[in-house]
Structure formats: structure tokens, C-alpha cells
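Below: one structure, written as C-alpha cells.
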Amino acid sequence: MLAPLLIMLREGLEAALVVAIIATYLKRTGRGAWIGAIWVGVLFALALSLFVGAGLQALQAEFPQRAQEGFEAIVALVAVGVLVWMVFWMRAAARSIRATLETGIDAAFTENGPGQGTVWALIAMSFFAVAREGLESVFFLLAIFQQAPGPTAPLAALLGIVISIALGWGLYAGGLKLNLRLFFRASGLFILFVAAGLFSGALRSLHEAGLWNWLLTPAWDLSHELPLSSVAGAVLSALFGYHESPSFGEVLAWALFLVCTLPFFLRPAPIAQPQEA
């Protein structure tokens with residue numbers, strides 16, 4: 001399943017990129033002995049993400065059916081917000097992320113010296129970088145798993161994480177060269193379409209929860225031409241939130257989301273300043 005694989009590949013690569021930048025700079029500046037502190041922060045961040053994901057799953061299981069639909073809508077809307085923030089944050093930050101991290105490392109050693117304060121500073125840097133991606137992933141995966149139950153989506157997400165770890169190691173080792181700008185731009189465009197499907201699906205969940213009762217007339221009915229039970233229908237549903245008989249409200253929500261986000265994403269990025277190179 002392409003959607004969870006690509007999202008987790010992107011999320012994992014963002015986290016791996018930050019960790020690789022920190023580790024590479026420590027090694028290059030003769031501070032390689034401090035790299036172990038980075039992995040402590042990574043493990044703390046992974047533990048937090050797993051704890052939050054398990055807690056939300058347990059919380060959802062306690063709700064009655066209509067409340068579960070409302071909870072699914074909230075999770076989907078949060079996931080949409082997280083995905084949009086992730087896409088635009090990386091678009092803006094990618095040009096200066098290396099300089100920002102390296103400046104932070106130098107400041108940690110300058111202010112704290114080679115002691116316990118520096119250890120906690122390095123732990124915090126890796127923790128917040130990985131925790132941000134991990135918590136984003138929790139809400140996205142919950143929303144995707146609700147739309148595509150079964151083992152395929154979790155396995156695809158796991159594969160995306162494995163690939164991102166391998167790419168991160170390749171970047172750290174220095175033998176792998178990636179056009180990160182092209183990767184993040186292409187994946188960002190795809191993610192916006194995924195988020196549009198989640199947004200329209202949230203409207204459907206709100207209706208099933210009894211919280212939305214407008215624009216419910218079906219826009220079209222493709223249950224015979226492209227049913228959800230077909231392979232193509234299942235793939236489109238998992239990728240873009242396709243529904244065989246969407247309401248006018250769902251179609252309008254999907255279109256308005258893309259109209260509001262695509263022009264900002266596709267506009268030319270400002271030229272980076274020399275000090276951010």
C-alpha cells in the first residue's frame with residue numbers, strides 16, 4: 001500500500017536526516033564519543049510515540065459506535081493538519097536545517113562544556129526531532145488504518161520505516177547521495193492529495209456520528225464501475241480516500257482543500273541566503 005509506505009518513508013527520512021546531520025557533524029568535529037547521547041534521545045522519542053499510539057487505540061476501543069465515528073473524524077482532522085504542517089515546514093526549513101543543527105551543537109558545547117549538560121542537550125536535540133516525526137506518524141497511521149483495516153497498511157508502514165533507516169545510514173556513511181529537494185517536493189505533492197482524501201473522509205465520519213447533516217446528496221455512484229471491493233477501488237481508497245458514492249459535501253471538501261493548499265505548495269520557493277547554505 002503506497003500511502004503508508006511513502007508517508008512513513010518521508011517521516012522516517014526526515015528524522016533520519018536530522019540524526020545523520022547531528023552524528024556526522026559530531027564525528028567531523030572530533031566529538032564522535034558523544035554520538036551515543038543521540039541514540040538515547042531517539043529511543044526516548046520512539047517510546048513516547050508508541051505509548052501515545054497505544055493510548056489512543058485503547059481510548060477509541062472504549063467508545064460506543066457513534067462516539068467512535070466522532071473520534072475517527074477528530075483523528076483524521078488532526079492527521080490532515082499534521083500532514084499539511086509537515087509538508088510546508090519541510091519546504092521552508094530544508095534549506096537551513098543543517099546550519100541550524102550545527103549551530104545548536106556548537107552552542108551546546110560552548111555553553112555547557114564537555115559535561116552532563118552537553119549530554120542532555122544532545123539527547124534533547126535528537127529526542128525532539130524524532131518525537132515530532134513519531135507523533136505526526138501516530139495520527140496519520142491511526143487515520144489510515146481506520147480507512148484501510150487489515151495487515152497490509154501496517155506492513156507497508158513498517159517497510160517505509162525500514163527503508164528510511166537504510167537511507168539514513170547511507171547518508172551518514174557518506175556513500176549515498178539523494179536529491180532530497182526533489183524527493184520532498186514530489187512526496188509533498190502526493191501527501192497533499194492523501195490529506196485531501198482524509199479531509200473528505202472526516203466529513204463522512206462526522207455524518208455517521210450525527211454531527212454533520214448537510215450536502216449529503218450523492219455526487220455520483222460508481223458502485224458498479226469502480227466498487228470499493230475491487231482491487232482498484234481498494235487501492236484508491238487507501239491512497240486518496242476514494243469512495244464509490246461520495247456526497248456533495250465530501251467532494252466539495254476534497255476540492256476546497258486542494259484549492260487552498262496546492263497553489264502555496266507549488267509556488268517557487270524563495271532563494272536561500274548564503275549563510276543558510
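Tabulated data for the structure shown
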quantity	calculated
Computed FRET value (nearest 0.05) for residue 93 with residue 51, which takes r as the C-beta separation and R₀ as 25 Å	0.40
Extended-chain gain in nm, criterion 0.36 nm per residue less alpha-carbon gap, residue 31 and residue 60	5.9 nm
Most fluctuating residue given options 158, 141, 13, as computed from a GNM of the chain linking Cα atoms under 10 Å	158
Efficiency of FRET between residue 248 and residue 44 - r from beta-carbon atoms, R0 35 angstrom, step 0.05	0.15
Extension gain, residue 183 back to residue 229 (0.36 nm per residue minus Cα-Cα distance, nm)	13.4 nm
Ordering of 70-76, 32-38, 60-66 by packing [mean C-beta count within 10 Å, highest first]	70-76, 32-38, 60-66
Sorted by Cβ density within 10 Å, fewest first, the residues 125, 90	90, 125
Helix runs (DSSP H) in the chain reaching 24 Å along axis by Cα, Kyte-Doolittle at least 1.0	2-28, 35-61, 65-93, 116-147, 152-173, 180-208, 248-266
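Where a number appears in this text, it was derived from the coordinates with a stated rule and is not lab data. Since we're looking at a predicted model, the values are computed, not measured. Methodologically, a virtual Cβ is constructed for each residue, glycine included, from the backbone with ideal geometry; neighbour enumeration extends over all protein chains shown.
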